[in-house]
Amino acid sequence: MTAPLYFRWSGDEMVPLPRFADRARKQYTVGETYRLVEEHERSVQTHNHYWASLTEAWKQLPEEYAQRFPSVEHLRKRALVQAGFANERSIVAASPEEAQRIGAFIRPSDPYAVITVKNCVVTVYTAQSQSRKSMNAKDFGASKTAVLEIVAGLVGVDVDTLASNAGKAA
């Protein structure tokens, strides 16, 4: 996938911004038809408030979760997996004992992965990246909402209270 080009609507046509003009000439063919899709970028304010809310939730976690979530990143990635924003890989072992060994072998390779062993099947769940490059604004918004609902539940508040407390802490 190529990096996006930026255009300005003139009222009659989409005109590439001057710094993208050379790339547009190389990338597109005159007379061809191209599909244009509007992409909304997420705001820095939304991104920062998300992280502030996660940090606030992590600070307020009950002591029983301290070892399970030693960092905000552990909390975020576990919540992403729980919310279904995860990549899944499964390995079938020859026996349940071998599956246990495989799970134990995989564990140190990714401290954020969720690894389950059921009978002879080892399943590894890794959180999807929420980077701007990996996740568009719509998917980020859905993942953000799901993650904040999960972490708010862990600390025993609703999402609005969590967001409000994060705003006060910022």
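The values are calculated or read from the model by the stated rules, or taken from the named source; none is laboratory data. Just so we're clear, the structure is a prediction, and the values are computed from it rather than from any experiment. We place every Cβ from the backbone using ideal geometry, glycine too, and count neighbours over all the protein chains shown. Quick note on the areas: whole protein, heavy atoms, side chains included, nothing else; ligands and nucleic acids left out. Shrake-Rupley method; radii C 1.70, N 1.55, O 1.52, S 1.80 Å.
Over the chain, what per residue volume does the convex hull of the Cα atoms give, in whole Å³?
Once divided by residue count, the hull of the chain is 185 Å³.
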Per the 1.4 Å probe, what fraction of the accessible area of segment 54-111, in percent, lies on carbon and sulfur atoms?
50 percent
Can you tell me the dipole magnitude for the chain around its Cα centre, using point charges on the Cβ only (Lys, Arg +1; Asp, Glu -1), in Debye to the nearest 20?
440 debye
Along the charge dipole of the chain, pointing to its positive end and built from +1/-1 on Cβ of Lys, Arg, Asp and Glu, which listed residue (166, 75, 11) has its Cα farthest out?
11
Suppose a student asked you for the relative contact order of the chain, using Cα pairs under 8 Å spaced at least 6 residues apart; what percent would you report?
26 percent
Long-range Cα-Cα pairs in segment 107-156 (distance over 14 Å), rounded percent
67 percent
Dipole-positive endmost among 24, 145, 36 within the chain (Cβ charges, Cα centre)
24
Of 157, 37, 81, the one that fluctuates the most in a GNM where the chain has Cα springs shorter than 10 Å
37
What's the longest bit of the chain with no exposed chymotrypsin sites (Phe, Trp or Tyr not before Pro), using DSSP loop states and at most 13 other Cβ atoms within 10 Å as the test?
35-170
What does the charge dipole of segment 118-170 about its Cα centre add up to, to the nearest 20 debye, if the Cβ of each Lys and Arg holds +1 and the Cβ of each Asp and Glu holds -1?
260 debye
Lysine pairs with alpha-carbon atoms under 29 Å apart, the chain, spacing 8 or more or separate chains
14
Which helices, counted as full DSSP H runs in the chain, have an axial Cα extent of no less than 20 Å and a Kyte-Doolittle average of -1.0 or above?
44-59, 137-155
Loop only per DSSP, at most 14 neighbouring Cβ atoms within 10 Å: give me the GluC sites (Glu not before Pro) in segment 15-96, ordered by residue number.
32, 38, 39, 41
Trypsin sites (Lys or Arg not before Pro), restricted to segment 1-106: which are DSSP loop and have at most 16 other Cβ atoms within 10 Å?
35, 68
